[in-house]
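One structure below.
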Amino acid sequence: MADISEYTKQQGTFLKAEHITPDKKFVITGEAEMVHNEKWSKDDLHVPLSSAEETFTFNCSKTNARIIKEALGDDTKGWIESVLVFETYKTKTSEGKMVDALNVKEVIKKA
């Protein structure tokens, strides 16, 4: 039997509100990809990011994707090396729980 633990191990950490500080910048390090979310039976856009020595996956909402698209275009290959700045806000889940959510505050096009 093959050991697939390395294959299935999550690569990096999902970007969360606790990673956000005022004016902290995150560089898009690779092409975004659509990933099917089995739990919610929908597709999610995952954007690979880095900040200093940390790497993250940004689970990008449709609203945030529209903000990035307006600044950088449809082709996510063209997003690579551009910079995102985030802010957080409170929102209510479908279960009624208040949680912190991420909003793209600023998109800085690569030089």
For the range 31-92, please list each of the strands (runs of 3 or more DSSP E) lying entirely inside it that holds at least 2 residues being closer than 13 Å to N103 by Cβ and aromatic (F, W, Y). 83-92
Only residues that are at pLDDT below 95 and of a type in the set (S, T, Y): list them for the range 17-41, please. T21, S41
Hits in the range 84-98 - residues which are surrounded by 13 or more Cβ atoms within 10 Å (Cβ to Cβ) and either of a type in the set (A, V, I, L, M, F, W, C) or in contact with a Phe, Trp or Tyr (Cβ under 9 Å, 6 or more places away or on another chain) (or both): L84, V85, F86
For the condition out of contact with any Leu (no Cβ under 9 Å at 6 or more places or on another chain), within 21 Å of T21 (Cα to Cα) and either touching a residue at least 12 places away in the same chain (Cβ under 8 Å) or buried (at least 16 other Cβ atoms within 10 Å of the Cβ) (or both), what is the one hit in E106, E53, E81? E81
So which residues in the range 74-111 are at pLDDT below 95 and at positive phi, if there are any at all? G96
Please enumerate the residues belonging to the range 60-78 that are touching a helix residue (DSSP H, G or I) at 6+ places or on another chain (Cβ under 8 Å) and in contact (Cβ under 8 Å) with a residue 24 or more places away in the chain. C60, I68, L72
Please tell me if E54 is closer than 16 Å to F86 by Cα, in contact with a helix residue (DSSP H, G or I) (Cβ under 8 Å, 6 or more places away or on another chain) and at pLDDT below 95. yes
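The values are calculated or read from the model by the stated rules, or taken from the named source; none is laboratory data. Fair warning: this is a prediction, and the values are worked out from it, not measured in the lab. When we count neighbours, we look across all protein chains shown, and the Cβ atoms used for this are built from the backbone with ideal geometry, even at glycine.
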